[in-house]
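One structure is given here, and the rest of the page talks about it.
The values are calculated or read from the model by the stated rules, or taken from the named source; none is laboratory data. Only a predicted model underlies this, so the values are computations on that prediction, with no experimental measurement involved. Virtual Cβ from ideal backbone geometry, glycine too; neighbours counted across all protein chains shown. SASA here: full protein model, heavy atoms, side chains in, ligands and nucleic acids out. Shrake-Rupley method; radii C 1.70, N 1.55, O 1.52, S 1.80 Å.
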Amino acid sequence: MGSNTHMRGCRGKRRSTGRRRLAFVIGLVVLLVGGFGTPDASAQIKRGKRFETAGDCRKCHEASEFPGRHKHEPFSKGECASCHKPHGLVGALRLKETGAALCATCHDPEELGLSAAFVHDPAASGDCLSCHDPHASDSRNLLTGSVEETCFQCHSRPAFELEHKHKPLEDGCFSCHVAHGGEHQGLLARAAPGLCLECHDPSKSDFSTAHWGYPVQDAQCSLCHSPHTSAREKLLTASIHSPILDGDCETCHESPDHAQPFLPISKDPGSVCLDCHDEPAAGTHSPVADGACLDCHNPHGSRQEVLLRQPATLLCIECHDDVVDELNKASRHPVAQQDCSACHDAHGLTDDKLIAGPMNTICLDCHHDVKAELDNETVHFPFEDGDCLDCHVPHGSDHAGLTVTARSTLCAECHEESDEWLRQKSVHTPAKIGKCNECHTPHSSVLPSLLREDRNALCTHCHEDLVKAAGQTVLHSPFDEKACDTCHVPHASDHAGLLVQRQSDVCLTCHEDVPTESPASLSSHGPVVDGACTACHLPHAGTIAGLLPEAAHRVCLNCHQDIQDRLENGVAHSPAEDGDCLDCHQPHHSEFPSLLTESVPGQCLSCHDGEEDEFLESHLGRTGVGMDCRKCHDPHASMSEGLLQPITHDPFAENACDACHPSEDDRSGGGR
């Protein structure tokens, strides 16, 4: 016997040193939370002096920690070593044998009946501790509770608590049953009806009267009576054949004074039934058509409705074993597991699969919520005009919702365009993996297209991260208005991101002020030419004007890495250094080269005053008008002062411009 109940409530006494006491307590905690399974008898630790030294168990394990008037004999004598191996300071449960093998060292399995024809399940599996406490109990035989409560750990209580109770039940289960094993079905102490006749005397007149004069003392009492409790008087079973209730046993049997009173009045039981019951229709269930009524029904009484020999589903699968395979599939119809008669008429027609009525009516009689959907504005046509079994199977399916096939395949049988979707460049994930019901309801909706919610609100269930991104202050108007379908299609697209058309075309339907190209343009930004608006802009929301993902200059430098390198290592032009790219450049198109906002030198002279003495002195007295500044200067950064280009003409490098160019004074004075 092995369980953490061996040590429940156990506390270590104070030891002489803190370290040893702590080790002991930790060991006991491990033992206490170890679970109720039957432990392996062999210790899962190395053998050694710590575990072999004998000691007095009661120094640590006080008897008071195992309460109960009835003590296990070895425990009452302090013979712990009869079952346990010593474990020393380490908290480890070490038994001499595993499970029932330990109990069998004292308790003879033969005497307990463990070799009998019928053995109680816990005893057969060696789980003694499911009923018995290994140390002590307030119940006899060391039961874990009263006899009644111990049995109710496995046996359903309601079946034993109906209005009319069998009197022996008041004295406990062992009035009629043995605990471990016996030679009679149901673990009865004696075969029925002999067991029943120990209390019920067949020689008494009231016994004979109650049974209409028939000599039932040799019959099986359980044909008509429940052995424990019943909702009917006289412990009659849940359903009783009406001739028995009315005392008309001769409807089916010979009279009580006949030499063989229980002999059927006909050799054909089916014909006897038809004396009261209607002739079956042609094409009915084969047992009915063949008159094999007793294949399904008990002619006297049953714990089941309509005198069934056993619960309907168990009875049906004796023949319809193919349904068992269906009921073992991933998706199972609960009612099919519980009661076949909820949908089938056992006396119905085989051509109709014994269905008890119109298929959809049967389904909707249980699925009231689905029935109410017929009143919605948009109803799926298979649901409104078809058969539930067009999409569902009745018993079990490998697919959720008892569908005939995977949802994608099922929907594609009617929605042929779904095959085309899967061949497109961008496919919405629910459509790709066949989860149409992520967005659509299968039966009906108050919205068009069977949508679960408004099409744009629906998007936010999955794309919640876009909606809840922190600090978003700049919202793209379609996103702000939850008009997702302005830019996106719901199923599939030949354009990335499920866009309704090419990205630039989508953007330009609203942003007409950004032309794809202008006849007068001399330069266009590469991403604009490529239609890649999201190379520079966020499509939904951000924190920077223009929906830029970061500061404008950082966006620019993500592509213009060469400028980034020069800005970091050389002398920077102040607009470039300050990140004011858009002071000089247009973001989309320009009528000037390099996307400049105006021509050179006009753009340069908007900051650099050509009339200043310093400027005139550096430029041979010229004001800059008519010059192309870029021939000498880098507009972004340079390794030299004055932003000079890296490769220069020698006279220019020596600041001897007048070697080639006359100064303005020379021009006016007739110089060269």
Close pairs (6 angstrom Cβ cut-off, 6 or more residues apart or separate chains): of a type in the set (D, E, K, R) in region 63-86, modelled with pLDDT of 90 or more anywhere: R69/D138; K71/A136
Close pairs from region 365-378: first touching a residue at least 40 places away in the same chain (Cβ under 8 Å), partner assigned to a helix (DSSP H, G or I) and aliphatic (A, V, I, L, M), Cβ under 6 Å, at least 6 apart: T378/L450
Residue, farthest from V514 (Cα to Cα), within region 532-548, restricted to residues that are hydrophobic (A, V, I, L, M, F, W, C) and in a loop (DSSP other than H, G, I, E, B): L538
Test: residue in region 331-339 that is charged (D, E, K, R), touching a residue at least 12 places away in the same chain (Cβ under 8 Å) and assigned to a loop (DSSP other than H, G, I, E, B): yes
Region 419-434 - residue that is surrounded by fewer than 16 Cβ atoms within 10 Å (Cβ to Cβ), part of a helix (DSSP H, G or I) and not hydroxyl-bearing (S, T, Y) and, of those, farthest from the chain's Cα centre (by Cα): E420
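Residues are listed down the side, and each one gets a yes or a no for (1) in contact with a strand residue (DSSP E or B) (Cβ under 7 Å, 6 or more places away or on another chain); (2) of a type outside the set (D, E, K, R):
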| site | (1), (2) |
| --- | --- |
| C462 | no, yes |
| Q472 | yes, yes |
| D485 | no, no |
| H491 | no, yes |
| H495 | yes, yes |
| R502 | no, no |
| D530 | no, no |
| A541 | yes, yes |
| P549 | yes, yes |
Members of region 373-399 found to be under 13 Å from C411 (Cβ atoms) and either in a loop (DSSP other than H, G, I, E, B) or open to solvent by 40 Å² or more (accessible area, probe 1.4 Å) (or both), listed by number: H380, F381, D390, C391, H399
Single match in V288, V306, V335 (criterion: β-branched (V, I, T), closer than 30 Å to L402 by Cβ and either in contact with a Cys (Cβ under 6 Å, 6 or more places away or on another chain) or open to solvent by 50 Å² or more (accessible area, probe 1.4 Å) (or both)): V306
Number of the condition not met by S493 [criteria: (1) open to solvent by 40 Å² or more (accessible area, probe 1.4 Å); (2) of a type outside the set (A, V, I, L, M, F, W, C); (3) closer than 30 Å to A431 by Cα]: (1)
From D609, D628, residue being more than 23 Å from C660 (Cα to Cα) and charged (D, E, K, R): D609
Residues within region 221-270 that are under 22 Å from P287 (Cβ atoms), open to solvent by 70 Å² or more (accessible area, probe 1.4 Å) and assigned to a helix (DSSP H, G or I), tallied: 0
Members of region 346-355 found to be touching a residue at least 24 places away in the same chain (Cβ under 8 Å) and open to solvent by 50 Å² or more (accessible area, probe 1.4 Å), listed by number: A346, H347, L349, T350, D351
Criterion: in contact (Cβ under 8 Å) with a residue 24 or more places away in the chain, more than 53 Å from the chain's Cα centre (by Cα) and within 30 Å of H177 (Cβ to Cβ) - qualifying residue of C296, C199: C199
Residues (over 40 Å from the mean Cα position of the chain (by Cα), within 23 Å of E183 (Cβ to Cβ) and in a loop (DSSP other than H, G, I, E, B)) located in region 117-160: A117
Residues satisfying the stated conditions in region 115-139, i.e. touching a residue at least 60 places away in the same chain (Cβ under 8 Å), charged (D, E, K, R) and open to solvent by 50 Å² or more (accessible area, probe 1.4 Å): D127, D138
Residues that are in contact (Cβ under 8 Å) with a residue 60 or more places away in the chain and surrounded by fewer than 14 Cβ atoms within 10 Å (Cβ to Cβ), drawn from region 611-639: M639
Residue list for region 152-168, filter: among the polar types (S, T, N, Q) and open to solvent by 80 Å² or more (accessible area, probe 1.4 Å): Q153
Selection within region 197-222 - among the hydrophobic types (A, V, I, L, M, F, W, C) and closer than 25 Å to C252 by Cα: F207, A210, W212, V216, A219, C221
Residue within region 435-445 that is among the charged types (D, E, K, R) and within 18 Å of A492 (Cβ to Cβ) present: yes
Subset of region 197-220 [assigned to a helix (DSSP H, G or I) and open to solvent by 40 Å² or more (accessible area, probe 1.4 Å)]: L197, S205, D206, S208, T209, A210, Q217, D218
Options E183, E149; residue that is acidic (D, E), surrounded by fewer than 16 Cβ atoms within 10 Å (Cβ to Cβ) and at pLDDT 95 or above: E183
